[in-house]
């Protein structure tokens, strides 16, 4: 593939709700430009961008795919992204490196939750947005309704630049509003000029007036001339339209039918003509000074790694975008975030699974390199002599956690390394360990996300694991104080025996996990044995008497005891203290504690009642509700962890995917008695099964 200067490169993200046709439209672009000779199908697993085996198996996009397309002496780097929320991390990666976005809508449905979510992400980065109403050839396709839903969701700046000629199975062309010309589709999506249909003339006039006014508003001179009634030439309108699109004051709407290749070439023409080329970007030098970097091939190197693929045979494959300078094969690049220098091996231009070797990647372009040892997703590759750090990628926090268990000893030996490789590939995953239960925890964005990650671990690294919801890390405490709990450890073994004798006071301690005190007088317990008493208590607290959970929130005081001049030892007093504590806990009305999470749930106002009702059924204590100016309400509540382990799935179901939440640990509180008895019984049954 030839090299292109930055001004002839377009980096465009393709986003949508799942099933709107992104991958099919990508395939239509490739076929219409004769990059491929046969158009693949998502249903058959034969498309260029859904090349991953998991994607082909499930018939959905799971990872982003970079698809470079050469058209009219330009290079369009199209990034096809997943549409399902479990894989939204890929959307965040793509949003970071594109200069404009195409957001697809299904002509039979209109705006969906995925459409809204991507719009918000693009708006946060102030990226130009265009809407594409796809599937215009499907039964029940309705351009007017889809457009109305876009107006309702995104406002009056949504302006069509194409009007479909025909709908449903009769969709055959479009009217170009900017040029007031009509076209019908021929072979391979090519267009043929035709007269504007009479029934669309009035609609064309209305939409063209809107478009001309919006285009002129981007230029003060054009605005004055337009208001004075002067004729605005087509070239001037195109210039104004380009500026308004870049500024976000126009959101153009296109029409396509991807599976029949209709609309692909006109849309590519619009990308080349109106979408922005790479522009200067901001970075930070090593001394903290801000710097603006132009897309200059001779400037200081600055590139961002935005995607990593872990392969057990060839190692990592890292996708990057160059913002300044030129990255060359067999060179060196610094990675400031890691404080190390990286050797750059063979560079590639990638198209789906295809890797085309190249000698260099210039500014504004996207490429890949294999076997980076240091750089991770979000890191900067930069000139070692003139280092610059570019902004990284902000990924969403995980919301769903499972415990993973290796099936065999061999799987156990390889599981840690395989999980580490998964994290390199997918920064939205997290791995941790629950100290109390000993479980290895894997967190992600949903159940499908976790399942596919584990399937990938099996396929790529040969590690087989099972998973389940994590065990709740309950704890135990006491509810009343008890005094002078006595235990005497006395044992004769023929020679030196064992003797330790203690009296303990136990008290509830709400504000701390544990305190140990002693009020010994007269040396009834020698000072050298007092640390052993505390150690014995601490060891006994590791397993409570109710169900074997750790004991917390207890103050223990050593108040009395006795010793033997020959038989007493640290071990004797440690055993005596542990037994006294267990005896005391049993007498102090022990209770079970459960972890409480603080939830911040944000939902559209229409779902507030349903979410509140659901939270009340989860033993939640609602702290407050805060409405915003965008028709959303944030609910803050304290909820037991046991009630919200599947909340990511449940909230999506309640709100049709429009609700979001964040959860963090707050505190422990007593479990209601009727639930505690069941939990204790289940725990004892599990412990018996494990022991047996």
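The residue that is farthest from the chain's Cα centre (by Cα), counting only those in region 220-242 that are crowded, with 18+ Cβ neighbours inside 10 Å and in contact (Cβ under 8 Å) with a residue 24 or more places away in the chain, is 237. Of the residues in region 199-212, at least one is without any contact (Cβ under 8 Å) to a residue 40 or more places away in the chain and in contact with a strand residue (DSSP E or B) (Cβ under 7 Å, 6 or more places away or on another chain). All conditions in (1) more than 15 Å from residue 433 (Cα to Cα); (2) touching a residue at least 12 places away in the same chain (Cβ under 8 Å); (3) outside the structural domain of residue 341 (by TED's automatic domain parsing) hold for residue 413, with the sole exception of (2). For the condition on the phi > 0 side of the Ramachandran plot and not assigned by TED's automatic domain parsing to the domain that holds residue 125, residue 311 does not qualify.
Results for (1) closer than 13 Å to residue 585 by Cα; (2) in contact (Cβ under 8 Å) with a residue 40 or more places away in the chain; (3) assigned by TED's automatic domain parsing to the domain that holds residue 434, shown as yes or no for each residue.
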| site | (1), (2), (3) |
| --- | --- |
| 515 | no, yes, no |
| 521 | no, no, no |
| 529 | no, yes, no |
| 533 | no, yes, no |
| 539 | no, no, no |
| 543 | yes, no, no |
| 548 | yes, yes, no |
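In this entry, residue 592 is excluded by the filter for residues that are touching a residue at least 40 places away in the same chain (Cβ under 8 Å), assigned to a loop (DSSP other than H, G, I, E, B) and closer than 30 Å to residue 519 by Cα.
The residues of region 427-441 that are more than 20 Å from the chain's Cα centre (by Cα), within 26 Å of residue 376 (Cα to Cα) and exposed (fewer than 15 other Cβ atoms within 10 Å of the Cβ) amount to a single one, 433.
Quick one: is residue 503 over 17 Å from residue 587 (Cβ atoms), assigned by TED's automatic domain parsing to the domain that holds residue 567, assigned to a strand (DSSP E or B) and modelled with pLDDT of 95 or more?
Working: over 17 Å from residue 587 (Cβ atoms): no; assigned by TED's automatic domain parsing to the domain that holds residue 567: yes; assigned to a strand (DSSP E or B): yes; modelled with pLDDT of 95 or more: yes.
Spelling it out, it is not the case that residue 503 is over 17 Å from residue 587 (Cβ atoms), assigned by TED's automatic domain parsing to the domain that holds residue 567, assigned to a strand (DSSP E or B) and modelled with pLDDT of 95 or more.
For region 602-613, the criterion of being within 30 Å of residue 153 (Cβ to Cβ), buried (at least 17 other Cβ atoms within 10 Å of the Cβ) and under 20 Å from the mean Cα position of the chain (by Cα) is satisfied by at least one residue. Residue-level analysis places residue 132 outside the set of residues that are in a helix (DSSP H, G or I), buried (at least 22 other Cβ atoms within 10 Å of the Cβ), at pLDDT 95 or above and in contact with a strand residue (DSSP E or B) (Cβ under 9 Å, 6 or more places away or on another chain).
Residues in region 519-551 that are surrounded by 17 or more Cβ atoms within 10 Å (Cβ to Cβ) and not in a helix (DSSP H, G or I): 520, 525, 541, 544, 545, 546, 547, 549, 550, 551. Residues in region 462-507 that are under 45 Å from the mean Cα position of the chain (by Cα) and closer than 18 Å to residue 524 by Cβ: none. Per this entry, residue 355 is not counted among residues that are assigned to a strand (DSSP E or B) and more than 28 Å from residue 88 (Cβ to Cβ).
Quick one: which residue in 66, 48, 88 is within 24 Å of residue 319 (Cβ to Cβ) and part of a strand (DSSP E or B)? Write out each step before concluding.
Numbers: 48 fails: part of a strand (DSSP E or B); 88 fails: part of a strand (DSSP E or B).
After applying the criteria, what remains is 66.
If the requirement is being touching a helix residue (DSSP H, G or I) at 6+ places or on another chain (Cβ under 7 Å), without any contact (Cβ under 8 Å) to a residue 24 or more places away in the chain and within 25 Å of residue 105 (Cβ to Cβ), which of these qualifies: 261, 255, 251, 196?
Details: 261 fails: without any contact (Cβ under 8 Å) to a residue 24 or more places away in the chain; 255 fails: without any contact (Cβ under 8 Å) to a residue 24 or more places away in the chain; 251 fails: without any contact (Cβ under 8 Å) to a residue 24 or more places away in the chain.
The unique qualifying residue is 196.
For the residues 440, 385, the requirement of being touching a strand residue (DSSP E or B) at 6+ places or on another chain (Cβ under 9 Å), farther than 19 Å from residue 66 by Cβ, in a loop (DSSP other than H, G, I, E, B) and not assigned by TED's automatic domain parsing to the domain that holds residue 124 singles out 385.
Looking across region 24-45 at every residue that is in a loop (DSSP other than H, G, I, E, B) and surrounded by fewer than 17 Cβ atoms within 10 Å (Cβ to Cβ), the one that is nearest to the chain's Cα centre (by Cα) is identified as 45. Outside any helix (DSSP H, G or I) and closer than 30 Å to residue 42 by Cα: does that describe residue 284? It is false that residue 284 is outside any helix (DSSP H, G or I) and closer than 30 Å to residue 42 by Cα.
Just the residues that are part of a strand (DSSP E or B), touching a residue at least 60 places away in the same chain (Cβ under 8 Å) and more than 14 Å from residue 599 (Cβ to Cβ), please, taken from region 620-677. It would help to see each step written out before you state the result.
We begin by selecting, within region 620-677, every residue part of a strand (DSSP E or B); these are 621-627, 632-640, 660-670.
Imposing the further condition that a residue be touching a residue at least 60 places away in the same chain (Cβ under 8 Å) reduces the set to 661-670.
The answer is 668, 669, 670.
Scanning region 51-61 for residues that are in a loop (DSSP other than H, G, I, E, B) and over 11 Å from residue 23 (Cβ atoms) gives a single hit, 52. A count restricted to region 358-382 and to residues that are more than 25 Å from residue 287 (Cα to Cα) and not in a strand (DSSP E or B) stands at 7.
Of all residues in region 552-588, which are in contact (Cβ under 8 Å) with a residue 12 or more places away in the chain, part of a loop (DSSP other than H, G, I, E, B) and farther than 17 Å from residue 509 by Cα?
Our first condition is that a residue be in contact (Cβ under 8 Å) with a residue 12 or more places away in the chain; within region 552-588, this holds for 552-564, 566-588.
This time we only want the ones that are part of a loop (DSSP other than H, G, I, E, B), so: 552-553, 563-564, 566-567, 569, 588.
Listed by number, the residues that qualify are 563, 564, 566, 567, 569.
Of all residues in region 1-23, those that are under 24 Å from the mean Cα position of the chain (by Cα) and either free of Cβ contacts under 8 Å to residues at least 40 places away in the same chain or assigned to a helix (DSSP H, G or I) (or both) total 2. Report whether or not residue 658 is at pLDDT below 95 and in contact with a helix residue (DSSP H, G or I) (Cβ under 8 Å, 6 or more places away or on another chain). Spelling it out, residue 658 is indeed at pLDDT below 95 and in contact with a helix residue (DSSP H, G or I) (Cβ under 8 Å, 6 or more places away or on another chain).
The values are calculated or read from the model by the stated rules, or taken from the named source; none is laboratory data. The structure displayed is predicted, hence computed values, not measured ones. Virtual Cβ from ideal backbone geometry, glycine too; neighbours counted across all protein chains shown.
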